[in-house]
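Notes follow the structure.
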Amino acid sequence: MRVLGARRPESGEDDEDAGYQRTRPLPRRSWRRRLAFTLAKVLAVVIALLLAATALLYFLTPSAGQATALAAAQAREHHIAYPGPPVPAYFAQALVATEDHRFNTDPGVDPLALARVVVSWVIGRRDQGGSTIDQQLAKNLYTGGHSGFTQVLEQLAMAVKLNQTYTRPQILRMYAEIAYYGHGYYGLAAASCGYFGRPADQLTLVQAAMLAGVVNAPTYDDPLVYPRQARTRLVHVIGRMAAVGYLTNAQETAALNAPLDLSAVRGCP
């Protein structure tokens with residue numbers, strides 16, 4: 001702003017000599033900081049809306065007490081016995097390590113994984129890694145395997161209810177018995193007999209890890225149809241078991257070198 005009465009500088013004359021004083025531009029906040037702040041606000045709003053919608057659905061969704069009846073109905077539809085045998089330790093460890101490593105401590109949903117998925121939605125990427133085992137069970141039992149926006153909210157609410165109603169072994173047992181393992185096998189008992197010709201309680205570490213890994217993409221990771229893809233998935237599962245502490249380095253190496261021993265005859269003796 002020019003001082004009243006001050007003359008304009010002559011050509012070649014410095015502004016300060018003529019009574020003008022230069023001012024420095026105000027510092028600008030970097031665009032990265034502004035973007036991060038905006039994303040944080042959007043993320044907070046989205047999470048708040050999700051929590052509010054989930055809380056509402058918690059009161060509108062069915063009782064988790066129906067889960068065992070729904071699992072039994074699916075078992076009858078697939079002509080398998082329910083309840084099946086207890087889940088073997090190797091299978092449980094492989095499933096938890098690969099699908100939901102905070103399974104034993106989370107409340108049915110994983111807040112950290114959920115936040116990561118929300119961020120992915122906001123920035124336009126797809127991240128399907130936020131579903132806990134409880135959510136996957138809710139998806140199969142209550143929403144027919146569908147994952148639209150409203151179905152995801154319902155799965156969140158039902159996952160919390162399942163967590164509050166059943167023990168961890170009960171959740172794993174229901175999950176194992178209604179999961180699809182590829183090649184037409186529904187339920188852990190049928191898959192164990194179909195792929196390896198032995199009951200589930202006799203599975204080796206590597207066999208249990210293969211079955212735990214195949215549920216993520218049962219058609220693509222079918223070891224009888226796509227052995228290379230199935231091997232890649234198996235290596236990932238065993239690596240996850242070592243990463244979370246279920247296997248030592250020596251056990252990991254031994255498992256990776258152990259034979260899978262797929263059975264030439266389908267079914268248990």
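Where a number appears in this text, it was derived from the coordinates with a stated rule and is not lab data. Computed from a predicted structure; not experimentally measured. Glycine also receives a Cβ, built like all others from the backbone with ideal geometry; neighbour counts cover every protein chain displayed.
A few comments on the model shown:
- Shape class of the range 49-113 from the alpha-carbon gyration tensor: oblate, with a/c at 1.5 or above and b/c at least as large as a/b.
- Summarising the amide proton neighbourhood of Arg198: residues at separation of 5 or more, or on other chains, whose placed amide H is nearer than 5 Å comprise Cys193.
- Modelled label reach - Ala243, point 7 Å along Cα→Cβ, the range 184-214 residues with backbone N closer than 19 Å: 206, 209-214
- Residue by residue, the range 39-51 carries 3J(HN,Hα) couplings of 4, 5, 5, 4, 4, 4, 5, 4, 5, 4, 5, 4, 5 Hz when phi is fed to the Karplus relation 6.51 cos²θ - 1.76 cosθ + 1.60 (θ = phi - 60°); x denotes Gly or Pro.
- Each Lys and Arg contributes +1 and each Asp and Glu -1, all at the Cβ; summed about the Cα centre of the range 127-264, the dipole is approximately 60 debye.
- The range 222-231 - phi-based ³J(HN,Hα) in whole Hz, Karplus 6.51/-1.76/1.60, Gly and Pro as x: 4, x, 7, 9, 10, x, 5, 5, 5, 5
- Point-to-point label distance, Arg198-Thr105, nm (Cα→Cβ direction, 7 Å offset): 3.4
- For the range 145-235, convex hull volume per residue from C-alpha positions, Å³: 108
- Amide H contacts of Thr132 (H built 1.01 Å from N, under 5 Å, at least 5 apart or other chain): Asp110
- If R0 equals 25 Å, the separation of the Cβ atoms of Leu112 and Gln229 corresponds to a calculated FRET efficiency of about 0.30.
- Inter-label distance, nm, simple model (7 Å from Cα along the C-beta direction), His79/Phe59: 4.6
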